[in-house]
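Structure first, then comments.
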Amino acid sequence: MAIRFDILTTFPEMFSELSPAAMGVSIPARARKAGLAEWHATDIRSYSKDKHRKTDERPFGGGPGMVMMCQPVWDAVMAVEGLDARPATRILLTPQGVPLKQGLVEELAKKERLLLIAGHYEGIDERVIQKLAPMEISIGDYVLSGGELAAMVLMDAVIRLIPGVLGDDESAGSDSFGVASGDREGRRLLDCPHYTRPREWEGMEVPEVLMSGDHGRIAKWRLERMVERTRERRPDLFPNKEGEK
Ligand code: 9D3
């Protein structure tokens, strides 16, 4: 059965499969057409009890910005969870969340249903977060204007791990942050450099080893480049302090 995503947002049109945006093209669109993933965006405003469909209010204690009220969020979650019998893993996209890493993406890809809460506001009333007890996830240490793009990043990363979504020639095992096939310690490494025709371009040659046809040497060279790049660019990815060598 297809993994089901529900997105709660005040900008549901951002998730349209008809739009020329992220979810309408490439791997997510292919997965959807193949019946391997589906998503439904729900407008939190539909659950407002206000005649102007208002979902936010000024913060108690003062300060800038608006705070999403408990009631519309709670009612939207209850309604959307009832649309499918399978229990949903609730996720709130927030700068205060745990950082999204490939290990977490792999855990989420095992779920049947993910309920993503995204918003364009300063924050959500803490009491509804407490009561919903969602996983709280951030996609990195920079400021977005809302959680919707973060939700799409999460969905894209999850969808490509669903069995059958990627073709053989785009397998998930050999990318950056996949576990390098030649590495028995299972480290997550950056990818090696890639080359294609022509053999010489603007006076620059392809590394000789790649033209050698010696698959053993090529695999060894690629793994060395992966380790070298990771040590130089992302020493934080070496939990064993190898990055300092
Ligand atoms: C400038 C406003 N900030 C005050 C300290 C708080 C703030 C609230 C809401 C900052 C950004 C946002 C909107 N961002 C998200 O909802 C979000 C996000 C992000 O901004 N960065 C990384 N991951 C995520 S997940 C959701």
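What follows draws every value from the coordinates through simple rules; no lab data is involved. Computed from a prediction, not measured in an experiment: that's the story for all the values here. Quick reminder, even Gly has a Cβ in these numbers, built from the backbone with ideal geometry, and neighbours come from all protein chains shown.
For the chain, modelled as a GNM whose springs connect Cα atoms under 10 angstrom apart, the maximal fluctuation among 123, 103, 216 occurs at 216.
Relative to the globular-protein estimate of 2.2 N^0.38 Å, the Cα radius of gyration of the stretch 16-110 stands at 1.35.
Based on the Stokes-Einstein relation at 25 °C and a viscosity of 0.890 mPa s, and on the Kirkwood radius from alpha carbon pairs, the chain is assigned a translational diffusion coefficient of 119 µm²/s.
Quick one: if the Förster radius is 41 Å, what FRET efficiency do residue 40 and residue 224 give, using the C-beta to C-beta distance and rounding to 0.05?
E(calc), rounded to 0.05, equals 0.35.
Taking the DSSP bridge list for the stretch 3-123 and keeping only pairs wholly inside it, about 10 percent are antiparallel. Bridge orientation summary for the chain: considering DSSP beta bridges with both residues in this region, about 20 percent are antiparallel.
Summed over qualifying helices (DSSP H, 4 residues or more, each -39500 (n - 2.57)) and divided by its residue number, the chain shows a 222 nm mean residue ellipticity of -8000 deg cm²/dmol. With one equal scatterer per alpha carbon and no solvent term, the Debye-computed log10 I(q)/I(0) for the stretch 56-132 at 0.22, 0.27 1/Å reads -1.10, -1.34. Computing FRET efficiency as 1/(1 + (r/R0)^6) for residue 131 and residue 53, where r is the C-beta to C-beta distance and R0 is 22 Å, gives about 0.45.
For the modelled label position 7 Å from the Cα of residue 30 along Cα-to-Cβ, which residues of the stretch 128-169 have backbone nitrogen atoms closer than 11 Å? Under 11 Å, as judged by backbone N against the label point of residue 30, lie 160, 164-169 of the stretch 128-169. In the chain, taking the dipole from charged Cβ atoms about the Cα centre, the farthest positive-side position among 12, 89, 31 is held by 89.
For the chain, what's the relative contact order in percent, using C-alpha pairs closer than 8 Å and at least 6 residues apart? The partial results should precede the final answer.
Working: 367 pairs, mean separation 42.5, N = 245.
Reported as a whole number, the value is 17 percent.
A simple spin-label model places pseudo-atoms 7 Å from Cα toward Cβ; at residue 232 and residue 89 they are separated by 3.6 nm.
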